[in-house]
Amino acid sequence: MTRHISSAVIAIALFSAHPLEAAFEQGAGGVLQVRVDLPKKTPWEANHVSGPVLVGPQAYLDFVWRIRFFGLGVVSIPSPQLFDVQVTRDAEEIPVRSTVATQMSVNYVATAVGSISVDETTEMSVRGVVHRDDGQTFGPGMYHLKLDLDRARSSLVSESASAISIDSGFPIELWVQALDTSTRVRHHHLIEAAFYSESQPQIALEHRLVVVGRRDATWGDWLALGSAYAAVGRHSDAVQAYRRILPRLMSASPDGKRLLAGNFQIVAASFAVVGDRAAAEAVLKSEGLLKETEIPATIERLRQNAFKRQPPR
């Protein structure tokens, strides 16, 4: 049964873009620009509010730090953990802890989190989470969240010994919507499933199962469920999900072709794993990209790759 909670608004003192002229005036050495992205934000309600929207209560806040340097020379950052987070509610600070991932992206290449030197050519990002120390969720209410820059200011090192300013942007608002409508409940599970699909596929599968159990489940929901089963190595279950919808999806209807676009080989791989090569062949023929003589070798390659990707039990 769905719990109905009141809407919450989190006003976040974070990192919306703004001109850098003022920051440059503060330090001739350059500006370290820090921004945050909230990967769970919903695309469905963004037009109704001024900031990003999260749907449903959050056990923790997921974020991505994005860090750029604008200036001459090189700046050394000992660790992304320098950017501490403070959360307040009704002017009272809530004890929280922020944790960053073990890997960060530097110019789109994954590397271990640690000390890094950046210049104007460097694009750096790292994922993290903010938990409440009391174990509660970020539920109904208004919060303020901002960067604590004290440690960062004292730890940044410029090779030119020039002053470095930190530009954290203007405050933005993050809205946490209540699960007070059927549509929002659906959106909540779709967002959670998409968010965890790569990092924690079992959690993603649990949300996909909720979605297909609803009256408003679509063909696309069943297709996504099959892919979620395949991601955890449950190809027999994936095939059962696909068989509910494949006759319609593989028809000549534009909707079927659109939904299957990019998924033909994922679907064929599960059929290949369970030994239904005829179904795998029919799926690949429907895609229309392979010569008929190429299909048998492709099926075997998909089968072998699917086995290699199966998670340990």
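A few points about this structure:
- Measuring between alpha carbons in the structure, the pairs from K41/K285; K40/K285; K146/K308; K257/K308 lying more than 32 angstrom apart are K41/K285; K40/K285; K146/K308.
- Efficiency of FRET between L290 and Q202 - r from beta-carbon atoms, R0 45 angstrom, step 0.05: 0.90
- Among residues other than A280 with Cβ under 14 Å from its Cβ, the summed charge is -1 (Lys and Arg +1, Asp and Glu -1).
- Whole-Hz ³J(HN,Hα) from phi, Karplus 6.51 cos²θ - 1.76 cosθ + 1.60, for the stretch 64-70, glycine and proline x: 10, 6, 10, 10, 10, 10, 10
- Alpha carbon Rg of the stretch 265-308, scaled by the compact-globule rule 2.2 N^0.38 Å: 0.98
- Length added when fully stretched, D148-E300, from 0.36 nm per residue minus Cα-Cα: 49.3 nm
- Using equal-weight Cα scatterers in the Debye expression, the normalised intensity of the stretch 182-309 in log10 at q = 0.12, 0.14, 0.20 Å⁻¹ is -0.44, -0.60, -1.13.
- If you sort the three axes of the alpha carbon gyration tensor as a ≥ b ≥ c, you get a/c of 1.5 or more for the stretch 36-101 and a/b no higher than b/c, which makes it oblate.
- Peptide ranges 86-97, 260-271, 296-307, 62-73 listed from the most packed, as the mean C-beta count within 10 angstrom indicates: 260-271, 62-73, 296-307, 86-97
Read-outs: derived from the displayed coordinates by stated rules, not from any lab. Bear in mind the structure is a predicted one, so any value in this text is a computation, not a measurement. Ideal geometry is used to build each Cβ from the backbone, glycine not excepted, and the neighbour counts take in all protein chains shown.
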